[in-house]
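Enquirer: The following block contains the structure, expressed as structure tokens.
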Amino acid sequence: MTIATQSPTEPGLILALSKGRIFEDTLPLLEAAGITVTENPETSRKLILATNDPLVRVLIVRATDVPTYVQYGAADFGVAGKDVLLEHGGEGLYQPVDLNIACCRMSVAVNAGFDYETAVRQGARLRVATKFVHTAREHFASKGVHVDLIKLYGSMELAPLVGLSDAIVDVVSTGGTLRANNLVEVEKIMDISSRLVVNQAALKLKRERLQPIIEAFERASRGASCINTK
Ligand code: PRT
Ligand code: MG
């Protein structure tokens, strides 16, 4: 295991990705840069995957951990959702390309019977459950709505159903999960897509290797658009 000794001065490149939609949507961008991942994270238990380029390896980490690995230089670059980057803060990260992948939106949702508009108009204090406390706090503060935020780590949709909260702030793509749980989207906070993130020191020290990959990602994602999913 050489990861612990990885530093931005080493010649190889390490890319941090999460399994699932981000991995799947990043594969064609890697192909455009001439990089093929030779192992499948869905079937392999390995957390460090090889590619056709012996100098490029892929770390499989939780989506919310991608910015942290890149910030500290354990990975040179990665792909992370805007939702995740806003919570992380983006410190130490260069974000050169909006890849227009893993498109979704950050929204407020409530139980179908809850009159959100009236509650807001009347200045009610709302209990809001979310994984995205930073984004939620900013959103409600900008509207002048008083909220008590309850931090959850997943399955936010459950909170209003069992009376834990009046509302949730979560990412929505098809809306199927909200509908299945009798929740209604009442406000879109922002559109979300995933971005390429690069360690700032690696960008300087490994520019020769990183720059062509950044440019290939930029070219390959140029035609992509999140518009139809908004
Ligand atoms: O799943 P895990 O807890 O490990 O972490 P994660 O949910 O942060 O990771 P992952 O891989 O599911 O998502 C990675 C990124 O994909 C997120 O940071 C978003 O930027 C983006 N993305 C795009 C989504 C969705 N679409 C999405 N639909 N992330 C999560 N979802 C969830 C949503 O919260 C809902 O609970 O999927 C569920 C189904 O959504 P509907 O609307 O299609 O029913
Ligand atoms: Mg998920």
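Enquirer: Identify the residue in the range 153-164 that is open to solvent by 10 Å² or more (accessible area, probe 1.4 Å) and of a type outside the set (Phe, Trp, Tyr) and, among all such residues, is farthest from ligand 1 (Cβ to nearest atom). Spell out the reasoning first.
Expert: Quick first cut of the range 153-164, residues open to solvent by 10 Å² or more (accessible area, probe 1.4 Å) only: 153-155, 157-158, 161-164.
Okay, now just the ones that are also of a type outside the set (Phe, Trp, Tyr), so 154-155, 157-158, 161-164.
Values: GLY154: 5, SER155: 7, GLU157: 6, LEU158: 10, LEU161: 13, VAL162: 16, GLY163: 19, LEU164: 16 Å.
The extreme case among them is GLY163.
Enquirer: Okay, moving on. So which residues in the range 1-26 are assigned to a helix (DSSP H, G or I) and modelled with pLDDT of 95 or more?
Expert: Step one: of the range 1-26, the residues assigned to a helix (DSSP H, G or I) are 3-5, 21-26.
Within the range 1-26, ARG21, ILE22, PHE23, GLU24, ASP25, THR26 qualify.
Enquirer: Looking at the range 43-73, which of its residues are out of contact with any strand residue (DSSP E or B) (no Cβ under 7 Å at 6 or more places or on another chain) and either on the phi > 0 side of the Ramachandran plot or away from ligand 1 (no atom under 12 Å from the Cβ) (or both)?
Expert: Within the range 43-73, the first condition is being out of contact with any strand residue (DSSP E or B) (no Cβ under 7 Å at 6 or more places or on another chain), and the residues that meet it are 43-46, 52-54, 62, 64-65, 68, 72.
The answer is THR43, SER44, ARG45, LYS46, ASN52, ASP53, PRO54, THR68, TYR72.
Enquirer: Got at least one residue in the range 135-146 being within 16 Å of ligand 1 (Cβ to nearest atom), farther than 22 Å from ALA112 by Cβ, open to solvent by less than 50 Å² (accessible area, probe 1.4 Å) and not basic (Lys, Arg)?
Expert: Checked against the condition, which is being within 16 Å of ligand 1 (Cβ to nearest atom), farther than 22 Å from ALA112 by Cβ, open to solvent by less than 50 Å² (accessible area, probe 1.4 Å) and not basic (Lys, Arg), the range 135-146 yields at least one hit.
Enquirer: In addition: Just to verify a result, which residue in the range 165-176, among those that are within 11 Å of ligand 1 (Cβ to nearest atom) and surrounded by 14 or more Cβ atoms within 10 Å (Cβ to Cβ), is farthest from VAL108 (Cα to Cα)? I'd like the intermediate steps shown before the answer.
Expert: Kept after step one, since they are within 11 Å of ligand 1 (Cβ to nearest atom), are these residues of the range 165-176: 168-176.
Pick out the ones that are also surrounded by 14 or more Cβ atoms within 10 Å (Cβ to Cβ) and you get 168-172, 175.
Working: ILE168: 6, VAL169: 5, ASP170: 7, VAL171: 9, VAL172: 9, GLY175: 12 Å.
The qualifying residue farthest from VAL108 (Cα to Cα) is GLY175.
Enquirer: Further question: Scan the range 51-108 residue by residue and report those that are of a type in the set (Val, Ile, Thr) and within 16 Å of ligand 2 (Cβ to nearest atom). If you could, list the steps in order and put the result at the bottom.
Expert: Initial filter on the range 51-108 (of a type in the set (Val, Ile, Thr)): 51, 56, 58, 60-61, 64, 66, 68, 70, 79, 84, 97, 101, 108.
Within the range 51-108, ILE60, VAL61, THR64, VAL66, VAL79, VAL84, ILE101 meet the criteria.
Enquirer: Follow-up. Would you list the strands (runs of 3 or more DSSP E) that sit entirely within the range 27-115 and hold 2 or more residues that are free of Cβ contacts under 8 Å to residues at least 60 places away in the same chain and open to solvent by 20 Å² or more (accessible area, probe 1.4 Å)? Outline the logic, then answer.
Expert: Numbers: elements: 48-50, 56-60, 77-81, 93-98, 104-111.
In the range 27-115, the matching strands (runs of 3 or more DSSP E) lie at 48-50, 56-60.
Enquirer: Quick one: how many residues across the range 130-168 are aliphatic (A, V, I, L, M), under 20 Å from LEU86 (Cβ atoms) and within 16 Å of ligand 2 (Cβ to nearest atom)?
Expert: Step one: of the range 130-168, the residues aliphatic (A, V, I, L, M) are 133, 136, 141, 145, 147, 149-150, 152, 156, 158-159, 161-162, 164, 167-168.
From the residues that got through so far, the ones that are under 20 Å from LEU86 (Cβ atoms) too are 133, 136, 141, 145, 147, 149-150, 152, 156, 167-168.
Then drop every residue that is not within 16 Å of ligand 2 (Cβ to nearest atom), which leaves 152, 156, 168.
Residues that pass the stated criteria total 3.
The values are calculated or read from the model by the stated rules, or taken from the named source; none is laboratory data. For clarity, every value in this text was computed on a predicted model and none was experimentally measured. Backbone-built Cβ (ideal geometry, glycine too); neighbour counts: all protein chains shown. Just so you know, the surface numbers come from the protein's heavy atoms only, side chains and all, with ligands and any DNA or RNA stripped out. Shrake-Rupley method; radii C 1.70, N 1.55, O 1.52, S 1.80 Å.
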